[in-house]
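The values are calculated or read from the model by the stated rules, or taken from the named source; none is laboratory data. Source: prediction; values computed, not measured. Note that each Cβ is placed from the backbone with ideal geometry, even for glycine, and that neighbours are counted across all protein chains shown.
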Amino acid sequence: MLDRFTELGYIDDAAFARAWVTSRSAGRGLGRRALAEELRTRGVADEAVTAAFDELDPEAADDAVRRLVARKLAGTRGLDPDVRLRRVVGMLARKGHPPGLALRLAREGLAAEGADLVDGEGMRTDGPEAED
């Protein structure tokens, strides 16, 4: 019976994986790591997971992450910029985004607001005084 359903297209892991990745990436802003784990938990083969990621539009995924960053930053106004940075990066990490991307997009979001960040050596990294 399963073979017949597969033959008729009722069971199609590749189509399910594509739809899942597109939907969850755009709607919830999940990263590759989290999406792959969700699909593997649901029994989707690694080949189907990889193929689904190959069809994912990187620009659309980055836009979804930027919307998440903006939403998180709006909820943390009034806090120290470094605290806001940590909270945004932590949220993105929990959603399965790589640390470098999370940090870059969080800094971009803070810089767009004109926030002043200080790196580990006491040097300003963003904001209007960063160029001094």
Met91 is checked against (1) among the aliphatic types (A, V, I, L, M); (2) in contact with a Leu (Cβ under 6 Å, 6 or more places away or on another chain); (3) modelled with pLDDT of 95 or more and fails just one. What number does that condition carry? (2)
When you scan the range 2-25, do you find a residue that is out of contact with any strand residue (DSSP E or B) (no Cβ under 8 Å at 6 or more places or on another chain), under 30 Å from Asp116 (Cα atoms) and loosely packed, with under 15 Cβ neighbours inside 10 Å, even just one? no
One residue from Arg67, Arg84, Arg18, Arg33 being touching an Asp or Glu at 6+ places or on another chain (Cβ under 8 Å), among the charged types (D, E, K, R) and part of a helix (DSSP H, G or I): Arg18
Would you be able to tell me the number of residues in the range 100-132 that are within 14 Å of Arg84 (Cα to Cα), modelled with pLDDT under 90 and assigned to a helix (DSSP H, G or I)? 0
Return yes or no: is Ala51 among the small types (Gly, Ala, Ser) and touching a residue at least 24 places away in the same chain (Cβ under 8 Å)? yes
Sort out which residues of the range 70-81 are hydrophobic (A, V, I, L, M, F, W, C) and part of a helix (DSSP H, G or I), and write them in order of number. Ala70, Leu73, Ala74
Out of all the residues in the range 42-58, which are part of a loop (DSSP other than H, G, I, E, B), within 20 Å of the chain's Cα centre (by Cα) and surrounded by 15 or more Cβ atoms within 10 Å (Cβ to Cβ)? Leu56
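I'd like to verify a number: residues in the range 59-70 that are without any contact (Cβ under 8 Å) to a residue 12 or more places away in the chain and surrounded by 11 or more Cβ atoms within 10 Å (Cβ to Cβ), how many?
Total meeting the criteria: 1.
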Pair list, Cβ < 6 Å and 6+ apart or interchain, from the range 86-115 residues that are free of Cβ contacts under 8 Å to residues at least 12 places away in the same chain to residues that are surrounded by 16 or more Cβ atoms within 10 Å (Cβ to Cβ) and hydrophobic (A, V, I, L, M, F, W, C): Ala93/Ala102
Test result for Ala34, under 25 Å from Gly100 (Cα atoms) and either in contact with a Gly (Cβ under 8 Å, 6 or more places away or on another chain) or touching a residue at least 12 places away in the same chain (Cβ under 8 Å) (or both): yes
